[in-house]
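S.K.: What follows is a structure written as structure tokens; I'll ask about it next.
Bear in mind these aren't lab numbers, they're just calculated from the coordinates by the rules spelled out. As the structure is a computational prediction, the values presented were derived from the model and not from experiment. All Cβ positions, even for glycine, are placed from backbone atoms using ideal geometry, and neighbour counts span all protein chains on display.
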Amino acid sequence: MKYRTFGKTGVKISEVGLGTWQFGGVDWGDIQEKDALDILHKSVESGVNFIDTADVYGMGRSEKIIGKFLKETKENIYVATKLGRRERTSNNTWPAKYTVDMVKRDIEDSLRNLGVDSLFLEQWHCIPTEMLKSGEAFELLETFKKKGLIQHWGCSVESIEEGLICMEHPGCESIQVIYNIFRQKVTTDLLPVAKKKNVGVLARVPLASGLLSGKFKKGYKFPEKDHRNYNADGAAFNVGETFAGIPFDRGVEIVEKIKEILKPSEEITMAQLALRWILDHDEVSSVIPGATKIEQAISNAKASSIPSLSKQVHIQIEQLYKTEIEPYIRGKY
């Protein structure tokens, strides 16, 4: 496993981290606590030292499982969490504004769930663009950073515009964004700004909800409670969070063309090559794929050790994006 400096924090984090939306036990189907703990242990054994979660994943379940894991491991682990969506979940509307009391409660709940005295990284969780433009949300996190309840703060965003807004604040230390072969505009429009401002970049949905693993066929049916079923067209939340906004069957067709360029083998899988494509952009601090099986966690971590893709491969992937991917992207971008 290789490690990269996480923006202005100065901390070295694993370039392949672990996303834990699936540990909430909803949206990805059921996952048992024991299995989640096994995935965490195996990930860390594979060199992972960065874990991303959110208070809304299973309404605290993901954080609590990670908290239990932190008591079981002796390794130094950096955990990032998020806040801001619980208030919306209660009545399906956003609050008029976030208050000190709201943020204090959310932070304290995450501290309790994780079993820590201070959060390594707290992130706004895809809150509305207008809330970011006002700047008040950033000042709230600054308040709790000064109090010592959080060490660093950043923003998980849905669009490049939102990422640029967040990075205007000097206190913003990280941006989390959907970034994968299907979402290449991030390469040209966001990464150079992050590099200039020394802001860490976390690449989420790196495998497009598993689509870029190359394992699915057209017409595949996901379980009813899996977001890849009920949010395939954005019925529940931003469609970009599911298959990166690409219609599933069209995505399957495109993946076959990507395979022809990346040429996966028995030794190096399609998923590893898709992660490698992201890692070849050195502005990215860490890519954070999820895993519902130990084997997936091990395989994802190994992406750090495979060779970089050739310049020609990157050119071909970019050309494919411009001609056959970009026209099909849906959702905020």
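S.K.: Quick one: which of 199-208, 317-326 comes out on top by average Cβ neighbours within 10 Å, and what's the full order, highest first?
M.R.: Highest-to-lowest ranking by the protection proxy: 199-208, 317-326.
S.K.: Excluding same-chain residues fewer than 8 positions from LYS332, which aspartates and glutamates have a Cα within less than 16 Å of its Cα?
M.R.: In chain and number order, the partners are GLU130, GLU158, GLU161, GLU162, ASP189, ASP233, GLU241.
S.K.: Under a straight-distance cross-link criterion of Cα-Cα below 17 Å, which lysines are reachable from LYS146, leaving out those fewer than 8 residues away in the same chain?
M.R.: Of all the lysines, those that pass the test against LYS146 - Cα under 17 Å, at least 8 places apart if same chain - are LYS8, LYS104.
S.K.: Shifting gears a bit: How are the alpha carbon pair distances in the range 163-236 distributed across 5 Å bins from zero to the largest one, expressed in percent?
M.R.: 3, 13, 20, 18, 14, 11, 10, 7, 3, 0
S.K.: Same structure again: Which entries of LYS215/LYS293; LYS217/LYS293; LYS195/LYS302 show an alpha-carbon separation above 22 angstrom in the structure shown?
M.R.: LYS195/LYS302
S.K.: With only alpha-carbon atoms in the gyration tensor, what are the semi-axes of the equivalent ellipsoid for the range 106-219, in Å, largest first?
M.R.: 27, 19, 12
S.K.: Provide the descending list of Cα extents for the range 3-328 along its principal axes, expressed in whole angstroms.
M.R.: Principal axes ranked by extent give 53, 41, 39 Å for the Cα atoms.
S.K.: When the helix-only estimate is applied to the chain (DSSP H runs of n ≥ 4, each -39,500 (n - 2.57), divided by the residue count), what is the mean residue ellipticity at 222 nm, nearest 500 deg cm²/dmol?
M.R.: Value at 222 nm, helices only, nearest 500: -11500 deg cm²/dmol.
S.K.: Roughly what % of DSSP beta bridges within the chain run antiparallel, to the nearest 5?
M.R.: 15 percent
S.K.: Which of the peptides 158-168, 282-292 is most tightly packed, and how do the rest follow, judged by the mean count of other Cβ atoms within 10 Å per residue?
M.R.: The densest-packed peptide leads the list: 282-292, 158-168.
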